[in-house]
Amino acid sequence: MPSFSNLSAQRLATCDPRLQHLLNEAIKYVDFVVLEGHRNEAAQEEAFRTGKSQKHWPNGNHNSLPSKAVDIAPFLPDVKIDWEDLVAFGRLMGFIQCLAVQQGIKLRFGLDWDGDFRTVTRDPNEHFMDAPHVEVLD
């Protein structure tokens, strides 16, 4: 059974309890890494500067503590994260979405911001690709 590394667990611990519960359940079935939970001001401004975020501090969902957003990626032993493999990200996010629906948790994904099941690459109404991004909605 997959499990989180210490670093992934530390990153997840900075997130909203609903995200923690959801992802702690998901890791029992599918292997993935937690890339980032809470972002401090310097990290958020770096994410904005490098095009990984469209928001300045403190306006991002990663900026609250606990964080309302988390970035995750599929994990394959001895393989670097393939940022171009949107199918792998989509499969992971679909699994996460299924668990979230079962638990009554509303989420939004950086692959499909408006939740219409069309990825950013195929949806003319969406313009920002953030494949690892998951955020909890109130």
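Bear in mind that the values in this text are calculations on the coordinates, not laboratory data. On a predicted model such as this, the values are computed, not experimentally measured, just so you know. Backbone-built Cβ (ideal geometry, glycine too); neighbour counts: all protein chains shown.
Taking the simple approach of a point 7 Å from Cα along Cα-to-Cβ for both residue 98 and residue 55, what is their distance in nm? Result: 2.9 nm between the two label points. Within the chain, the proportion of Cα pairs with more than 18 Å between them is 53 percent.
Diffusion coefficient of region 91-138 by Stokes-Einstein, Kirkwood radius over Cα pairs, 10 °C, 1.306 mPa s: 145 µm²/s. Under a 5 Å amide H cut-off, with hydrogens placed 1.01 Å from N, residue 67 pairs with 15, 16, 38 among residues at least 5 apart or on other chains. Using the beta-carbon distance between residue 125 and residue 84 and R0 = 25 Å, what value does 1/(1 + (r/R0)^6) give for FRET efficiency, to the nearest 0.05? Calculated value: 0.65.
On full extension, the segment bounded by residue 45 and residue 21 gains 5.8 nm, given 0.36 nm per residue less the C-alpha separation. From the alpha carbon centroid of region 74-138 to that of region 3-71 is 14 Å. Counting only whole DSSP H helices of the chain, the ones at least 18 Å long by C-alpha along their axis and with mean Kyte-Doolittle hydropathy no lower than 0.0 are 86-103. Helical content of the chain, expressed as a calculated mean residue ellipticity at 222 nm, amounts to -9500 deg cm²/dmol (DSSP H runs of 4 or more residues, -39,500 (n - 2.57) each, divided by residue number, nearest 500).
The alpha-carbon of residue 68 sits under 13 angstrom from the alpha-carbons of these aspartates and glutamates, leaving out residues fewer than 8 places away in its chain: 16, 36, 135, 138.
Over region 42-92, the reciprocal of the mean inverse Cα-Cα separation, the Kirkwood hydrodynamic radius, stands at 12.7 Å.
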